[in-house]
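Quick notes on the structure that follows.
Please treat every number below as a calculation from the coordinates, not as lab data. All of these numbers come straight from a predicted model, not from anything done at the bench. Because the Cβ atoms are built from the backbone with ideal geometry, glycine has one as well, and the counts that use them run over all protein chains shown.
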Amino acid sequence: MSDGFKDKVKGAGDKVKGEAKEAFGKVTDNKKKQAEGKADKAKGAAKDKKGDVKDALNDSDEQR
């Protein structure tokens, strides 16, 4: 399993966790949980992009 793929899996987990926190915050009118959820989703998106970069670098190294 490539490092990029691992980052993408971790990113997806953070996005799901963020969605759940944000939804819980909305239902309970908890602004702090909503903010935590948004932060987790952003962290997940960043990890996903990191995985894309690692995959692109790995692909370019393999082509040489």
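Couple of notes before you dig in:
- Kirkwood-type radius of the chain, with distances r between different C-alpha atoms, in Å: 12.4 Å
- Here the Gaussian network model covers the chain, with springs between Cα atoms less than 10 Å apart; of Asp52, Asp40, Asp14, Asp52 fluctuates the most.
- Here the Gaussian network model covers the chain, with springs between Cα atoms less than 10 Å apart; of Lys47, Lys32, Lys17, Lys32 fluctuates the most.
- Furthest towards positive pole of dipole, Val9, Ala39, Ser60, structure part the chain, Cβ charges: Ala39
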